[in-house]
């Protein structure tokens, strides 16, 4: 359990996501960090998550990479709402 807990640190999760992004042709990492350390993923009422969604809606972010889905939201209802919002922002050609 100690190893798993250590890897779940925000820095470790970010490193894993960065490695994934770097392997994707044409992907560019945005400068903004959307880490909500200290906030529960049980709801989407989190400062960094709110900024992330605003940047998605403004067209500044078109792909969200998370270490695990529950890092985005642990609530199935909230996750569905987020996916609906993201689906509205998807380019017409990918729908």
Across segment 40-64, what is the total count of residues that are part of a loop (DSSP other than H, G, I, E, B), touching a residue at least 12 places away in the same chain (Cβ under 8 Å) and loosely packed, with under 14 Cβ neighbours inside 10 Å? 6
Does residue 20 satisfy the criteria of being within 12 Å of the chain's Cα centre (by Cα) and either surrounded by 14 or more Cβ atoms within 10 Å (Cβ to Cβ) or at pLDDT 90 or above (or both)? no
Failed item, numbered, when residue 7 is tested on (1) modelled with pLDDT of 85 or more; (2) surrounded by 10 or more Cβ atoms within 10 Å (Cβ to Cβ); (3) over 15 Å from the mean Cα position of the chain (by Cα): (1)
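The values are calculated or read from the model by the stated rules, or taken from the named source; none is laboratory data. Because the structure is predicted, anything quoted here is derived from the model rather than measured. Please note: Cβ atoms are built from the backbone with ideal geometry, for glycine as well, and neighbour counts cover all protein chains shown.
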